[in-house]
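Remarks on the structure that follows.
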Amino acid sequence: MPWTTSDYPDSFKNLEPDVRNKAIEIANALLREGNDEGKAISIATAKAREYVHGDSADRTKYVAIARNEDWVLMKEDGERAIFKEDTKDDLLEKAKPYVNDQNGILAVYHADGSLETTLYD
């Protein structure tokens, strides 16, 4: 079933309207080509951001990392925390909308410092 501007995947809900609408268009095209939903959503999100905002090289990169006993969000090359929370889940609840609003890329790390995932790339 194709997605619409009023019925779309939950992962599109925090996207800017222009990016969301383009992502819906791209995801529907990918589904028609036989891609599975998860792959279509992922590709469509990245391509829609690129279409609306240009190349990802120009986008600010943020990191969600463990620091001492806390979890912090900061710019990749920054020294000061933008947000600081006791748990990773609490931090990501604030960080995801913030990074999305800034049209940034979010690298999420494990407590041991290894990369877990990259969002909004």
Seminar exercise, completed: The value for region 1-105 (convex hull of the alpha-carbon atoms, volume per residue, Å³) is 104
Seminar exercise, completed: Counting only DSSP loop positions in region 67-121, the trypsin sites (Lys or Arg not before Pro) whose Cβ has at most 12 other Cβ atoms within 10 Å are Arg80
Seminar exercise, completed: One can check that the equivalent ellipsoid of region 43-120, built from the alpha-carbon gyration tensor with semi-axes equal to the square roots of five times its eigenvalues, has lengths in Å, largest first, of 23, 12, 11
For this session: Scan region 10-112 for GluC sites (Glu not before Pro) in coil per DSSP, keeping those whose Cβ has at most 14 other Cβ atoms within 10 Å, and list them by number.
Result: Glu33, Glu69, Glu76, Glu79
For this session: Using R₀ = 30 Å, calculate the FRET efficiency as 1/(1 + (r/R₀)^6) where r is the Cβ-Cβ separation of Asn14 and Asp112; round to 0.05.
Result: 0.60
Exercise. Put a dot 7 Å past each Cα toward the Cβ at Tyr98 and Glu76; how far apart are the dots in nm?
Worked result: 1.8
Exercise. What accessible surface, in Å², does a 1.4 Å probe find on Ile43, ignoring ligands, DNA and RNA and rounding to the nearest 10?
Worked result: 60
Problem set entry | Å³ per residue enclosed by the Cα convex hull of region 69-111 | 71
For this session: Pop out the ³J(HN,Hα) list for region 60-71 in order, Karplus 6.51 cos²θ - 1.76 cosθ + 1.60 with θ = phi - 60°, rounded to Hz; leave Gly and Pro as x.
Result: 5, 9, 10, 10, 10, 9, 7, 9, 6, 9, 10, 10
For this session: Rank Val72, Ala111, Pro97 by how far each Cα sits towards the positive end of the charge dipole of the chain (+1 on Lys, Arg Cβ; -1 on Asp, Glu Cβ) and give me just the farthest.
Result: Pro97
For this session: Please calculate the 1.4 Å probe accessible area of Thr60, with all protein chains present, and give it to the nearest 10 Å².
Result: 50
Problem set entry | Accessible surface, 1.4 Å probe, highest first, among residues Lys39, Lys22, Lys61 | Lys39, Lys61, Lys22
Problem set entry | Point-to-point label distance, Arg32-Asp90, nm (Cα→Cβ direction, 7 Å offset) | 4.7
For this session: Sort Ser114, Ser11 from largest to smallest accessible area, using a 1.4 Å probe on the heavy atoms of the protein chains.
Result: Ser11, Ser114
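The values are calculated or read from the model by the stated rules, or taken from the named source; none is laboratory data. Owing to the predicted nature of the structure, the values given are computational and were not obtained by experimental measurement. Neighbour counts run over all protein chains shown; Cβ positions are idealised from the backbone, glycine included. Ligands, DNA and RNA are excluded from the accessible area calculation, which covers all protein heavy atoms including side chains. Shrake-Rupley method; radii C 1.70, N 1.55, O 1.52, S 1.80 Å.
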